[in-house]
Amino acid sequence: MKKAFFFVFLAFAVVIAGCQPIAPTDTTEIDQLREQNQVLTQLLLEGQGKIRDLQIEVNTLSTQVAQLTPKAAQDGNFEGLGEVILPLLQAKDYATLATFVHPQAGLRFSPQLFIHTDTDLVFTREQVANFTLDNAIYTWGTHAAKGDLLEMSVYDYWNEYVIPLMPDQPWQMLAEGQKSPSIAIDNFFEVYPQGHYVDFLKPGTEEFGNLDWKLLRLAFERAADGAYYLVGIIHDNWVP
């Protein structure tokens with residue numbers, strides 16, 4: 001009986017021992033993992049530092065491009081300027097676009113045909129050149145129909161109020177004196193009494209009774225050097 005009890009006790013002890021956690025005995029593997037973790041952490045920190053350095057370099061180069069190669073119209077060929085600037089807007093080529101921006105007045109963005117000088121945002125030539133790296137959320141004004149604040153990044157504003165993706169139509173330059181479908185109050189010459197502009201239109205689709213039209217207006221003013229530069233990008237669309 002005692003012998004049988006001994007074997008039962010021995011078997012129970014083996015089971016209990018099998019359920020206990022086994023302490024690691026190979027410290028070499030743990031040390032290697034710690035060393036690898038330290039190396040990866042160091043590489044990550046170095047990579048983040050390189051990214052910051054590259055961002056600073058891009059900002060510097062973009063600013064230099066904007067400062068050293070300004071472009072303007074000496075002869076008042078605004079249609080020609082518009083044809084050059086439109087593809088830059090479509091390609092989001094901010095660095096080249098910045099060379100057309102007015103060196104003193106900067107570039108105003110108006111989400112409505114009626115220009116609000118108190119709320120429409122104005123960016124300098126250097127700021128425009130660095131739009132690619134600008135992820136900030138700005139308040140661009142208010143929605144023409146809803147009255148809600150337009151709070152969005154440069155990228156999102158560009159796709160909706162500069163070069164809207166819809167309707168899927170090419171932009172048509174309006175001839176001088178040709179009216180757009182807009183019925184909004186146009187205060188352009190109150191804001192820019194010596195200014196000039198070029199209008200581009202997406203006429204809209206039959207599916208929506210052409211009410212999905214979009215208007216893009218590029219505004220120009222003379223600078224201190226006597227040449228004309230881009231001072232405004234103005235959006236307009238049908239408002240119910």
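Every read-out reported here was derived from the displayed coordinates using simple, explicitly stated rules and does not represent laboratory data. Computed from a predicted structure; not experimentally measured. Quick reminder, even Gly has a Cβ in these numbers, built from the backbone with ideal geometry, and neighbours come from all protein chains shown.
Across segment 69-237, the relative contact order, built from alpha-carbon pairs under 8 Å that are at least six residues apart, equals 27 percent. Annotation: extensible slack from Gln169 through His143 equals 7.0 nm (criterion: 0.36 nm per residue apart, minus Cα-Cα distance). Note on segment 69-237: Lys pairs 8 or more places apart or on different chains, Cα atoms under 24 Å apart, count 8.
For Thr142, the residues whose amide H sits under 5 Å from its own are Leu150, ignoring neighbours fewer than 5 places away on the same chain, with H placed 1.01 Å from N. For Leu121, nonlocal amide neighbours, meaning residues 5 or more places apart or on other chains whose placed amide H falls under 5 Å from its own, are Phe109. Dividing the Cα radius of gyration of segment 69-237 by 2.2 N^0.38 Å, with N the residue count, gives 0.98.
Sorted on the mean count of surrounding Cβ atoms within 10 Å across their residues, most packed first, peptides 85-94, 224-233 read 224-233, 85-94. Each peptide in 100-110, 118-128 receives the mean, over its residues, of other Cβ atoms within 10 Å, and ordering these scores from highest gives 100-110, 118-128.
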